[in-house]
Amino acid sequence: MSETEPTLPDDLLDRFAAIVGAPHALRESSDIVPYVAEQRGLYPGLSPLVLRPGSVEEVSRIMRLATSTRTAIVPQGGNTGLVGGGVPDRSGREIVLSLSRLNRIREIDPVSNTITAEAGVVLDALHRAADGVGRLFPLSLASQGSCQIGGNLSSNAGGTGVLAYGNARELCLGVEVVLPTGEVLDDLRKLKKDNTGYDLKNLFVGAEGTLGVITAAVLKLFPKPKGREVAVAALQSAQAALDLFNRALDHAGSGLTAFELIASRPLEFALAHIPQTVRPLAGSSPWYVLLEISSGRSAEDARQQAEDVLGAALTDGLIGDAVMAGSLAQADAFWRLRESLSEAQRPEGASIKHDISVPVARIPDFIARAEKAVAAVCPDARVVCFGHMGDGNLHYNVSQPAGGDPKAFLAFYRTMNKAVHDIVRDLDGSISAEHGIGRLKRDELAATAPPVALDLMRRVKAAFDPAGIMNPGKVI
C-alpha cells in the first residue's frame, strides 16, 4: 500500500465527512499537506482526512463516532507547535481535527475583564478584539499572526508577557471541552474565585489534546497601560543581566512587564538574515537585555521609572550602554528584532533546540555549565541563547558548526539534549518550559519524570480517554 492511500476504510471516512459536509472534509493529498507538516520538519505525518467542523455539535458528533469506531483523532489549531504535538503519525490511520472554523468571539465583557473566544480564534484577532474595548490580552508570541487560542491553551503557551501576567493557564478562567465520548463540558465561567471541587479546566490546559478538545475559553483581560517604555541595554555577563533584573523588579514591581535576555550570536544572526533589522546600540556586547516597563498612571511615569533603573545601572557600571525607544515605531522595532531570533537561525543551518526553565537565580550557572557541555558534545557548535529571563525560561538552541554538514550535526540531537537537560534537572528546572512535550520530549519525560507522577498522568489519561483515541503517542 502506498503512503498516499488511506488506511482507514472509505465507508468510515465517508461517515466522518458527512458530519461536516464535503467542502470541510479534506481528502485530497494536496489539501492535506499543510495539516501534516510541522514547523521544524522533524515529524512529517500522513492522514487520509482532515475535518474542519463549524460547530461544537459537529465536534461532539465526530468524537462520538471516533470513540465508537476507535479512530484516532489529532486536534489541531494553527499548527505552529514546535514539538510534534499537533500532527498525525505516518500510519495513515489518524484523522486531523482542525478547529480553525470555530473562530467566533462569543462575548467581550470589559466590566468583568473577560473575553470568551472559540478555539480557532487567531491570537492577533483576539488582541484586536480586546483593544477595541480598551483592554489588553497579554499573551504575546512570535507566531501570534497564525497560532490559535485553542492551541495556545492546549500547549499552555508562555511568551514574553509571563513575567507580569502569567502563562496561558493563568490567563484562563473557564473552558468548553468536547470529551472523547462526545459529551460537552461547559465550564465557561468568569469567576476568579471558585472552590467547588476539582479545577477541571486545568486538566485540559496543557494536555496537548490528549484528554479532550478545547472548543472555547473564557480568558482574562487587563486594563491597557497608560505608558510603556521599551529599552535595550548592553552587558558583559549573564550575572550582570540577573543583577539588572533584580534592580528593575525592585524599582518597578509589577510594572516590569518584560525582561528578555539575548546573547550576541542570535542578535548577529538576526541582523545578518532578517530584513530591516537595525543594531540597537553601537558596537557589540556579549549580552543584551530588552526590558519593558509599563505604568497604569501615565507615559511620563513609565519613562521616569525606566530612566531611573537604567541611569543607576550605567552609573554603577552594571551596564555598558543603553537606549530607550524614542517612539512607538522604535519600540516595535526592538520587539520585532527580539521576535525574529528563532527565524534568524534557519539560514545558519541545522539547529538543536532546548526550551528549558530553571530558577531565575540559577540562570548564570546554567549558561556557564551548558556552554561547556555543548562544547564537549560538538566543539565547534554555536550556542544561540535567548529567552524570557524574568520567568527563568531560556531558548537554549545550538546551531551547527559554520559550513558543517547538517545531517552530521543532527546526529548529535539526543546526546546534546541529554547533556543540556541533565544540567537543567540538576538545577531543579524543567525540560519543557512553554512548548510542550508532544512527540519530541515524550520519551525523555517517561524516562525522567517521577514514577508516581507518570502513573497519575496515565490514570488520568485512561479515565478521560479509555479508547485511547485522543492524540495518541503524544505526551505520555
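Mind telling me which of the residues VAL360, VAL383, VAL398 ends up being within 13 Å of GLY429 (Cα to Cα), in contact (Cβ under 8 Å) with a residue 12 or more places away in the chain, within 24 Å of the chain's Cα centre (by Cα) and outside the structural domain of ALA164 (by TED's automatic domain parsing)?
None of the other options fit; the residue is VAL360.
Residue-wise test of (1) of a type in the set (Val, Ile, Thr); (2) at positive phi; (3) out of contact with any Lys or Arg (no Cβ under 9 Å at 6 or more places or on another chain); (4) surrounded by fewer than 20 Cβ atoms within 10 Å (Cβ to Cβ).
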{"position": "ASP109", "(1), (2), (3), (4)": "no, no, no, yes"}
{"position": "GLY145", "(1), (2), (3), (4)": "no, no, yes, yes"}
{"position": "GLN148", "(1), (2), (3), (4)": "no, no, yes, no"}
{"position": "GLU170", "(1), (2), (3), (4)": "no, no, no, yes"}
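Given the options GLU292, GLU307, name the one that is part of a strand (DSSP E or B) and outside the structural domain of TYR165 (by TED's automatic domain parsing).
GLU292
If a residue must be among the hydrophobic types (A, V, I, L, M, F, W, C), under 16 Å from PHE245 (Cα atoms) and either in contact with a Lys or Arg (Cβ under 6 Å, 6 or more places away or on another chain) or exposed (fewer than 15 other Cβ atoms within 10 Å of the Cβ) (or both), how many such residues does the range 313-337 contain?
1
Based on what the data block shows, is ILE437 in a loop (DSSP other than H, G, I, E, B), surrounded by fewer than 20 Cβ atoms within 10 Å (Cβ to Cβ) and either in contact (Cβ under 8 Å) with a residue 40 or more places away in the chain or not assigned by TED's automatic domain parsing to the domain that holds ASN79 (or both)?
no
For the range 345-401, enumerate the residues that are of a type in the set (Asp, Glu), in contact with a helix residue (DSSP H, G or I) (Cβ under 9 Å, 6 or more places away or on another chain) and at pLDDT below 95.
If the condition is that a residue be of a type in the set (Asp, Glu), in contact with a helix residue (DSSP H, G or I) (Cβ under 9 Å, 6 or more places away or on another chain) and at pLDDT below 95, then ASP391 is the only one that fits.
Being acidic (Asp, Glu) and either touching a Cys at 6+ places or on another chain (Cβ under 7 Å) or surrounded by fewer than 17 Cβ atoms within 10 Å (Cβ to Cβ) (or both) narrows it down to one residue among GLU94, GLU118, GLU57; which is it?
Only one candidate passes the filter, namely GLU57.
The values are calculated or read from the model by the stated rules, or taken from the named source; none is laboratory data. Computed from a predicted model, the values in this text were never measured in an experiment. Reconstructed Cβ throughout: ideal geometry from the backbone, glycine too, with neighbour counts over all protein chains shown.
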